[in-house]
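> First the structure, which I've put down as structure tokens, then a few questions once you've had a look.
The values are calculated or read from the model by the stated rules, or taken from the named source; none is laboratory data. Please read all numbers here as calculations on a predicted model, not as lab measurements. Glycine also receives a Cβ, built like all others from the backbone with ideal geometry; neighbour counts cover every protein chain displayed. Keep in mind that these areas ignore ligands, DNA and RNA; they rest on the heavy atoms of the full protein, side chains included. Shrake-Rupley method; radii C 1.70, N 1.55, O 1.52, S 1.80 Å.
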Amino acid sequence: MGLVSWSWRESNVGHRVQFSFTSIVLLASAVIVGPVGAAAVGAASSLVQTGRVKPSVRVFNVGMISCVGSIAGLVYIYAGGSQAVETVDGPSALLITVGIPVMVAEVAQCVANAVLLAGVMRVANGIPMRGQVGKLLETTGPAYIGYGIIGFLFVVLWIPAKVGWFSAVLVLAPLFVARWAFVQYGDELRAHERTLNALVTAVETKDPKSAGHSARVADLCEWIAESLSLGSQELQDVRTAGMLHDLGKVAVPSRVLRSSRDLSDDELVLFASHTTIGVEMLSDIDFLKGSLDGIAHHHERFDGHGHPDGLAGKQIPLAARIIAVADAFDALTTTRAYRPSLPVPDALIEIEQRAGRQLDPEMVGALVRALHRHEWAPTVHEEGMLTRGAAVDHDDPEASDFLASRQDLRVRIAHEPHPHTSMSQTARRAR
Amino acid sequence: MKDFRGPTISAYWITLMAACAIVVGAAWWSIDNLDLLRGQTLALVLSFMLAIVLGETARLSIVGRRDTAPISTAAALALTLTSLSPGDMAMLSSSIIVAAIAVAMAIGGLVQRLRGKPFGLADAAARLVGVSVACVLYRQVPFDHRTLLEWQSTWDDRRWLVAVVMLVASSMAMLVQLLLEGAMSAQRDHASLLRTIADEVRAAFGLTTALVTTGALIGLAEYALSIVALPLFLVPLLLTQFAVRRYGSIRETYRQTIGALSSLTDRAGYTPAGHAARVAELAVAMGRDLGMPQREILELERAALLHDLGQIALREPIPGGATLLAAPADQQRIAHDGAEIVRRTGVLDTVASILEAQTSPYRQVREFGEDLPVPSRIIKVANAFDDLSGGVRGGDGESRAMERIHLGLGYEYDPRVVDSLSRVLARTSRAAAIPAS
């Protein structure tokens with residue numbers, strides 16, 4: 001038994017998904033060396049845990065894991081599991097007297113683990129216990145079924161197939177590879193997120209006065225989505241859409257973006273095409289499929305006088321309605337050349353006045369709730385940036401009202417091909 | 001009209017021929033012994049074959065790597081290593097086993113093709129050759145008058161030794177397979193053989209380890225569980241395959257995002273359409289030709305795709321988008337702005353330093369002993385070629401562009417890199433000439 005826990009310790013120490021390995025190993029030892037042995041193995045594996053761990057946490061871990069281990073062992077015996085696996089002969093007998101009890105023990109282990117963890121969270125952080133148990137079971141439950149099967153394989157290989165300790169190497173090798181792939185996935189995912197931000201950086205390089213706007217809108221979108229209790233995938237999509245909503249501005253010529261006088265009609269149409277262009281640019285990225293709607297329609301208005309498609313009310317995709325509110329709020333709380341930034345209460349009054357006309361009242365309500373929970377500091381720019389005149393920013397509600405009053409322009413936005421694209425196509429043909 | 005290019009022997013054909021020879025040989029030797037396949041043994045072999053067929057249809061594809069079928073390979077290895085406890089199976093010669101595996105793989109391939117999905121013949125052939133090697137090694141070659149399969153039944157109290165032997169046999173199989181596949185892709189990409197094989201082994205290491213151990217696991221557990229071992233012990237491998245697939249999908253997403261980033265300047269009207277993609281393609285071909293390892297190729301490709309990103313900061317586009325025609329100071333600033341944007345991601349630092357140095361003339365290496373990254377020199381040449389030839393391959397445009405580049409040889413451009421460009425261009429024009437004739 002000493003040898004058993006020693007050899008497992010090796011494969012146990014200091015991994016990010018250590019928990020899943022521990023679970024498999026605990027289950028197997030519950031069968032091979034019984035409840036007491038499993039408790040010892042559990043204690044040993046958490047005692048040798050490397051890294052800086054607070055003593056109280058360490059004590060809790062040791063207690064919890066050995067507790068869980070012995071529970072698994074007891075349940076295994078109680079469920080009719082064979083304690084002398086070497087005497088069991090034949091595949092069907094193995095499945096009935098070892099396989100099924102192992103699965104039952106695994107379920108017990110999963111529940112025990114969730115209850116103990118939720119208990120300590122209740123004591124330490126005051127998080128209500130019942131909800132926490134449900135959440136833990138929901139997130140870790142399916143994985144535990146898999147651990148159950150693997151734990152059974154472990155036992156079979158160890159005793160009936162007579163491979164002994166070497167089975168640890170064999171069973172855990174594919175799992176280590178899986179873990180490695182998951183870690184790689186995580187790294188690559190983070191790298192991808194950072195790279196996605198480079199798209200935003202590029203737009204902001206072209207239009208320096210909008211620096212930070214995308215990130216602020218993304219934060220606001222996330223908060224509003226939280227207030228609406230959206231699911232995690234939806235929340236992520238809304239956040240990403242908020243981040244990338246103005247990407248299409250890259251295709252708007254700098255002279256229009258940085259114009260110091262009011263834009264002409266043609267220029268307004270050109271500028272408004274940034275929603276459609278943004279979608280075109282991102283449509284090749286599978287990962288962003290859920291965010292495209294929000295980007296395409298973030299300049300629609302609740303009253304149907306927005307662009308590009310003149311959608312009204314709930315026809316407008318939810319993400320777009322969220323971005324519209326976030327976009328307007330950030331615009332109002334940012335300094336412009338023609339007005340100072342509004343303090344939060346004033347900006348909220350302005351926003352609330354627009355509920356039902358430009359903005360969805362439900363989203364406005366969600367923004368107000370979100371701002372109760374989060375701090376918001378208006379973006380005040382240094383005077384130096386503002387010495388030159390500037391056209392009304394396209395995100396200011398004023399600009400939205402102007403376009404709403406100009407149906408002729410909205411028709412052009414909806415139907416004219418994007419002038420810039422056609423220009424570069426001619427250029428291509430000329431080559 | 002065929003274009004004979006000296007006595008180059010294609011690794012592709014060698015692999016296919018070897019696989020064919022194995023199939024014919026296996027069929028020849030097994031035809032007399034087919035009556036051994038009956039009762040329980042037949043059922044056992046059939047279930048392994050079923051697993052192989054299913055494995056062929058549940059394939060794994062990852063960007064930048066050949067798609068493959070780990071479940072199928074693991075099941076084939078397991079069949080090779082399995083001995084039915086009563087001893088029937090031990091009598092089955094390796095020819096029957098190999099024939100069964102070949103038939104199952106063929107059926108799987110057929111199913112895959114019928115579903116309109118891709119099925120790489122060369123990949124299947126390489127895997128078949130690999131598994132056959134393990135089979136012959138384990139079941140046919142006598143070591144001290146007994147085959148490994150016969151030895152293992154005498155090691156009843158030392159099953160761990162059996163496990164080790166099984167691992168060695170299946171590792172040999174994977175090694176043979178990877179060597180063949182490496183040789184094939186080296187020839188396809190005109191890259192250095194050793195480098196490609198090393199890349200191949202490194203890239204496939206994780207998954208290969210998982211499937212080698214799975215094969216051995218099934219072989220070992222079959223001793224206690226008989227055929228139930230097959231589906232049960234494929235579970236960990238399924239988990240692994242799932243994890244690797246997810247990794248593959250995020251890599252694909254990453255690639256798409258870099259693509260979107262790269263097309264920003266196109267969309268904004270700064271660069272001619274497709275310029276970055278063409279420069280990247282050319283740069284990668286040159287990188288392979290110069291024997292760069294896969295990891296650096298990936299960075300080279302990303303840098304080439306993003307090399308004009310800095311133009312985004314320009315107020316007005318350069319005429320024609322050709323950085324080559326801009327003043328050196330402007331070129332430098334564009335390169336710097338692009339590098340800044342990329343550096344802000346915090347994860348593409350190497351790419352950023354490649355971008356930073358992409359306009360520096362080669363003489364700085366010669367005269368000041370400056371250390372210019374090779375990828376930067378490659379991008380400089382590839383970019384110049386695309387700007388000068390207007391993106392058109394072959395014909396007058398190409399030769400005029402090469403003439404201009406040769407004028408700057410040693411001063412602007414690294415001669416080694418320019419030579420590589422000439423080789424790459426010669427190859428593509430040859431490849432273009434074959435279908436034309």
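> For the protein assembly as shown, with only Lys/Arg (+1) and Asp/Glu (-1) charged at the beta-carbon, what is the dipole magnitude about the Cα centre, in debye rounded to 20?
Values: 78 positive and 85 negative charges, 281 e Å.
Here the protein assembly as shown has a charge dipole of around 1360 debye.
> Report the residue, chosen from B:415, B:319, B:375, that carries the largest GNM mean-square fluctuation when chain B is represented by alpha-carbon nodes joined by springs under 10 Å.
Maximum among the listed residues: B:319.
> I've got another one for you. Under 10 °C and 1.306 mPa s, how fast does the range B:76-212 diffuse according to Stokes-Einstein, given a Kirkwood radius computed over C-alpha pairs? Answer in µm²/s, whole number.
Rounded, D is 97 µm²/s.
> Let me ask something else about it. Please name which of A:275, A:42, B:16 has its Cα lying farthest along the dipole of the protein assembly as shown towards the positive end, using unit charges on Cβ (Lys, Arg +1; Asp, Glu -1) and the Cα centre as origin.
Result: B:16, furthest along the dipole toward the positive end.
> Express in % the proportion of alpha carbon pairs of the protein assembly as shown at distances exceeding 44 Å.
Numbers: 174190 of 376278 pairs.
Considering the protein assembly as shown, 46 percent of its Cα-Cα pairs are separated by more than 44 Å.
> Report, to the nearest 10°, how far helix B:328-343 tilts away from the longest principal axis of the Cα atoms in chain B, using its own Cα long axis and a range of 0 to 90°.
It works out to around 40 degrees.
> Which of rounded, prolate or oblate describes the range B:170-254 when judged by the alpha-carbon gyration tensor and an a/c cut-off of 1.5? Can you show the working numbers first?
On the way: a/c = 3.87, a/b = 1.63, b/c = 2.38.
Since a/c reaches 1.5 but b/c is at least a/b, the shape of the range B:170-254 is classed as oblate.
> Kindly express, to the nearest 10 degrees and within the range 0 to 90, the angle between helix B:294-305's C-alpha long axis and the longest C-alpha principal axis of chain B.
So the inclination is approximately 40 degrees.
> Between the DSSP loop rule and a limit of at most 16 other Cβ atoms within 10 Å, which chymotrypsin sites (Phe, Trp or Tyr not before Pro) in the range B:381-417 are left? Can you show the working numbers first?
Values: sites: B:385, B:411, B:413; in loops: B:411.
Hits after loop and neighbour filter: B:411.
> Separate question: For the protein assembly as shown, with the dipole built from +1 on Lys and Arg beta-carbon atoms and -1 on Asp and Glu ones, taken about the Cα centre, which of B:177, B:426, A:310 lies farthest toward the positive end?
Towards the positive end, the residue furthest out is B:177.
> With the contact rule set at Cα under 8 Å and sequence spacing of 6 or more, what percent relative contact order holds for the range B:308-405?
Working: 92 pairs, mean separation 20.2, N = 98.
Reported as a whole number, the value is 21 percent.
> Please list the three semi-axes, largest first and in whole Å, of the ellipsoid equivalent to chain B, using sqrt of 5 times the eigenvalues of its alpha carbon gyration tensor. It would help to have the intermediate numbers written out before the result.
On the way: eigenvalues 551, 100, 69 Å².
Its equivalent ellipsoid spans semi-axes of 52, 22, 19 Å.
> Which percent of Cα-Cα pairs in the range A:174-275 sits in each 10 Å bin, short to long?
Bins of 10 Å from zero give 14, 32, 28, 17, 6, 2, 0 percent of pairs.
> Using a ≥ b ≥ c from the Cα gyration tensor of the range A:223-349 (square roots of the eigenvalues), is it rounded, prolate or oblate, where a/c under 1.5 gives rounded and otherwise the larger of a/b and b/c decides, a/b for prolate? Mind dumping the intermediate values first?
Details: a/c = 1.68, a/b = 1.17, b/c = 1.44.
Because a/c hits 1.5 or more and a/b fails to exceed b/c, the range A:223-349 counts as oblate.
> A follow-up question, please. Between their Cα atoms, which of A:54/A:135; A:135/A:314; A:206/B:380; A:249/A:289 are more than 29 Å away from each other? Kindly include the intermediate steps, with their values, before the conclusion.
Values: A:54/A:135 25 Å; A:135/A:314 32 Å; A:206/B:380 24 Å; A:249/A:289 20 Å.
Distance filter (> 29 Å) returns A:135/A:314.
> Only Lys, Arg, Asp and Glu count, each charged at its Cβ (+1, +1, -1, -1), so figure out the dipole size of the range A:257-400 about its Cα centre, rounded to 20 debye. Write out the running numbers ahead of the final one.
Values: 13 positive and 25 negative charges, 62 e Å.
So the dipole magnitude of the range A:257-400 works out to roughly 300 debye.
> Which residue, B:247, B:12, B:138, has the most motion in a Gaussian network model of chain B that connects Cα atoms within less than 10 Å?
With Cα springs under 10 Å in chain B, the top fluctuation among B:247, B:12, B:138 is at B:247.
> Oh, and also: Name the residues of the range B:156-202 whose accessible area falls by at least 40 Å² when all protein chains are present instead of the chain alone, probe 1.4 Å?
Going by heavy-atom accessible area, the residues of the range B:156-202 that drop by at least 40 Å² are B:159, B:160.
> For the range A:347-359, take each phi angle, set θ = phi - 60°, evaluate the Karplus expression 6.51 cos²θ - 1.76 cosθ + 1.60, and give the result in whole Hz per residue in order, putting x for glycine and proline.
Ordered by residue, 3J(HN,Hα) equals 4, 5, 4, 4, 5, 5, 5, 8, 4, x, 9, 7, 10 Hz.
> With every protein chain kept in place and ligands, DNA and RNA left out, what is the accessible area per residue of the range B:127-173? Probe 1.4 Å, answer in Å². Working shown, then result.
Numbers: 2110 Å² over 47 residues.
On a per-residue basis, 45 Å².
> If you don't mind, there's one more thing I want to ask. Given the options B:74, B:285, B:27, which has the most mean-square fluctuation in a GNM of chain B, springs set between C-alpha atoms less than 10 angstrom apart?
Highest fluctuation of the listed residues: B:27.
> In terms of Cα to Cα distance under 18 Å, which aspartates and glutamates are near enough to residue A:162, apart from those fewer than 8 places away along the same chain?
Filter leaves A:86, A:89, B:150, B:156, B:157, B:222.
> I would also like to ask the following. Once Lys and Arg get +1 and Asp and Glu get -1 on their Cβ, which of B:205, B:300, B:132 lies farthest toward the positive end of the dipole of chain B?
B:132
> Using a 1.4 Å probe over the heavy atoms of the protein chains, calculate the carbon and sulfur portion of the accessible area of the protein assembly as shown as a whole percent. Mind dumping the intermediate values first?
Values: 23200 of 37940 Å².
Reported share for carbon and sulfur atoms: 61 percent.
> B plus A alone minus the pair: what accessible area, both sides summed, probe 1.4 Å, in Å² to 100? Write out the running numbers ahead of the final one.
Details: alone 21850 and 21500 Å², together 37940 Å².
Buried area between the two chains comes out at roughly 5400 Å².
> Determine the relative contact order of the range A:121-236: mean sequence separation of Cα pairs under 8 Å and six or more apart, normalised by residue count, in whole percent. Please list the in-between numbers first.
Numbers: 25 pairs, mean separation 10.0, N = 116.
9 percent.
> Another question, then. Treating only the Cβ atoms of Lys and Arg (+1) and Asp and Glu (-1) as charged, compute the dipole magnitude of the range A:243-312 about its Cα centre; round to the nearest 20 debye. Display every interim value, and only then the final one.
Values: 6 positive and 12 negative charges, 61 e Å.
I would put it at about 300 debye.
> Still on this structure: Give me a single rounded figure for B:205-218: the average over its residues of other chain Cβ atoms within 10 Å of their Cβ. Don't jump to the answer; show the numbers that get you there.
Details: counts 2, 8, 5, 1, 5, 8, 2, 3, 9, 4, 0, 3, 10, 0.
Mean partner-chain Cβ count within 10 Å for B:205-218: 4.
> With a ≥ b ≥ c the root eigenvalues of the C-alpha gyration tensor of the range B:224-355, is it rounded (a/c under 1.5), prolate (a/b larger than b/c) or oblate? Mind dumping the intermediate values first?
On the way: a/c = 3.24, a/b = 2.80, b/c = 1.15.
Prolate, because a/c is 1.5 or more and a/b exceeds b/c.
> Moving on to the next point. Compute the acute angle (0 to 90°) between the alpha-carbon long axis of helix B:374-389 and the principal axis of greatest extent of the alpha-carbon atoms of chain B; round to the nearest 10°.
60 degrees
> With contacts defined as alpha carbon pairs under 8 Å and 6 or more residues apart, what's the relative contact order of chain B in percent?
Values: 562 pairs, mean separation 57.6, N = 437.
Value for chain B: 13 percent.
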